[in-house]
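Structure record follows, encoded as structure tokens.
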Amino acid sequence: SLRQSMQNGFVAACHDLATGGLATALAEMSINGLGAEICLYNMENNRVDVKLFSESNSRWLTAEHD
């Protein structure tokens with residue numbers, strides 16, 4: 001579904017969450033200075049550290065086109 005979304009022009013960029021988790025992916029994708037706005041409320045685990053630094057395969061952070 002990610003590949004299809006990219007081909008349809010819905011995804012501007014994406015980054016895996018395998019190394020360093022969400023926090024690292026956000027930092028690396030924000031290097032261009034644009035920043036990010038995220039919401040952690042709908043994630044399964046209640047611990048913020050797990051939400052931000054959990055390393056697992058098959059998870060992607062995507063950026064949409066404006």
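The values are calculated or read from the model by the stated rules, or taken from the named source; none is laboratory data. Because the structure is a prediction, the values reported are computed rather than measured. Note that we place each Cβ from the backbone using ideal geometry, even for glycine, and neighbour counts take in every protein chain shown. Accessible surface is based on the protein model in full, side chains and every heavy atom, while ligands, DNA and RNA are left aside. Shrake-Rupley method; radii C 1.70, N 1.55, O 1.52, S 1.80 Å.
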Checklist entry - Using modelled amide H (1.01 Å from N, peptide plane; none on Pro or chain starts), what sits under 5 Å from the amide H of SER54, excluding residues fewer than 5 places away? => result LEU22
Checklist outcome for this item: Sequence order, the stretch 34-43: Karplus ³J(HN,Hα) from phi using 6.51 cos²θ - 1.76 cosθ + 1.60, θ = phi - 60°, Hz rounded, Gly and Pro as x, gives 7, x, 7, 10, 10, 10, 9, 5, 8, 7
Next on the checklist: Tell me the carbon and sulfur percent of the accessible area for the chain, rounded to whole percent, probe radius 1.4 Å.
Outcome noted: 49 percent
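Charges only on Cβ, +1 for Lys and Arg, -1 for Asp and Glu: so what's the dipole of the chain about the Cα centre, in debye to the nearest 20? Don't jump to the answer; show the numbers that get you there.
Values: 4 positive and 8 negative charges, 30 e Å.
Roughly 140 debye for the chain.
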Checklist outcome for this item: The extension gain from PHE53 to LEU2, computed as 0.36 nm times the residue separation minus the Cα-Cα distance, is 16.2 nm
Item to check | Ranked packing of 22-31, 46-55, most packed first, by mean Cβ within 10 Å | outcome: 22-31, 46-55
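Taking only protein heavy atoms into account and a 1.4 Å probe, give the accessible area per residue of the chain in Å². Kindly include the intermediate steps, with their values, before the conclusion.
Numbers: 5230 Å² over 66 residues.
That works out to 79 Å² for each residue.
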